[in-house]
Amino acid sequence: MVSPEVPAPYRRLDFNGPLSGERAGRLIRSLGPLAGCRVVDLGCGWAELLLRTLEAEPAATGAGVDLDTDLVARGRADAAARGLADRVELTVGDAAVWTGPPADAVFNVGAAHVWGGEPEAHTGNALAAVSRLLRPGGRLLFGECFWLREPTAAELSAMPVPPGQYRTLPDLVDLALAHGFRLLALCQASLDEWDDFESGHARRWEDWLGENPASPDASEVREKADSHLRARLHGMRETVGFAYLTLVRV
C-alpha cells in the first residue's frame, strides 16, 4: 500500500509536548536571570520554548539543533517573523554530537532518547551528556516522562513503551542529582495539558479522514488513529506523567 500523505503531526500544536503557555512562562522564569546568556536547545523541534525564552530576555542568544528538517524550517520561519533571527541559530543535525563552548543554559525536553542506548538508559545518558555541555552553575531545563503509578499488564500492552523506560518521579529526581545537579524547581504537566497535546497530535488523522473519505489509504490512516487513541486511553492517560526539572550543575 502506498504510504498515505497525512499532514504533519505538529501543525495544531504550540509545543511538541504537554505544555501550556502559562507553564512555559513559569519554566523560563525558573531558570533565573538570562541576560547575556547563551541558551542551547538539544532536540529543539521548531524551538518554540527557546524562542519564547529569547523574547522574555532580549539580551540572551540561542542555538537549537534537531534532525527534522521540516521542524527546523518552521522554527526558522517563526524566528524571522518574530524578529529573533539575528539572536538564534537553528541547525539540522544530531543533537547527540553537538559541540560548542560551555552553555549557560540547556533545554532537553522530551528528547532524552537523542543519546540512544537501551530505553531504560536514555535518561541517564542524556543527563551525563548535557552535564558535560554546561558550565559550572549552568542551568538545565529537563523534561521527561515518569510513571504516575505502576501500569498493569493490560495497560503496558496497550502502549508502545518498554516497562523499564520510565521511573517514578522521586527516582527521576534522584537520577538527576546523581549526575551532578541540584534541583531548583519541579513541576509536572496537568491532565489538561496532556489532553490538549494528545488531541492536537491526533487531530491530523481525523482531519485527513474527513477530507479523504474515499481514499484507498483511509483504512490505514483510521487504524493509525485508532492505535493512537487506544494507547492513550487504555494505557498512558492514567499511568504516564511528564515532569519539568529545573536543575543547576554543581
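The values are calculated or read from the model by the stated rules, or taken from the named source; none is laboratory data. Keep in mind the model is a prediction, meaning the values are calculated, not measured. In this analysis, Cβ positions are derived from the backbone assuming ideal geometry, glycine residues included, and neighbour counts consider all displayed protein chains. When the accessible area is computed, the model is the full protein with side chains, heavy atoms only, and any ligands, DNA or RNA have been set aside. Shrake-Rupley method; radii C 1.70, N 1.55, O 1.52, S 1.80 Å.
Okay, here's what the table says:
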| read-out | value |
| --- | --- |
| Hz values of 3J(HN,Hα) by residue in segment 95-104 - Karplus curve (6.51, -1.76, 1.60), Gly and Pro given as x | 4, 5, 10, 4, 10, x, x, x, 7, 7 |
| Label-reachable residues, segment 114-146, where backbone N falls under 19 Å from a point 7 Å from R82's Cα toward its Cβ | 141-143 |
| Cα gyration tensor, segment 14-103 - rounded (a/c under 1.5), prolate or oblate | rounded |
| Residue-normalised accessible area of the chain, expressed per residue, 1.4 Å probe, Å² | 47 |
| Phi to ³J(HN,Hα) by Karplus 6.51 cos²θ - 1.76 cosθ + 1.60 over segment 70-77, Hz, x for Gly, Pro | 5, 5, 5, 4, 4, x, 5, 5 |
| MRE, 222 nm, helices only [DSSP H, n ≥ 4, -39500 (n - 2.57), over the chain, to nearest 500] | -12000 deg cm²/dmol |
| The chain: angle of helix 218-231 to the longest principal axis, Cα-based, in degrees nearest 10 | 60 |
| Accessible-area composition of the chain, carbon plus sulfur, in percent [1.4 Å probe] | 53 |
| Cα long-axis angle, helix 21-30 against the chain (0 to 90 degrees, to the nearest 10) | 30 |
| Given charges at Cβ of Lys, Arg, Asp, Glu: the chain dipole, positive-most of T53, Q188, Q165 | T53 |
| Most positive-pole-ward Cα, P216, C44, V88, against dipole of the chain from beta carbon charges | V88 |
| For the chain, share of DSSP beta bridges that run antiparallel, in % to the nearest 5 | 45 |
| Shape call, the chain: gyration tensor on alpha carbons, a/c limit 1.5 | oblate |
| Highest to lowest packing among 144-151, 41-48, 218-225, scored as the average C-beta count within 10 Å | 41-48, 144-151, 218-225 |
| Cα-based shape type of segment 93-233, given that a ≥ b ≥ c are square roots of the gyration tensor eigenvalues and the cut on a/c is 1.5 | prolate |
| Built amide H within the under 5 Å cut-off of Q188, gap 5+ | Y244 |
| ³J(HN,Hα) computed for each position of segment 54-60 - Karplus, 6.51 cos²θ - 1.76 cosθ + 1.60, integer Hz, glycine/proline x | 5, 5, 6, 10, x, 9, 9 |
| For L134, distant residues with modelled amide H under 5 Å away | A103 |
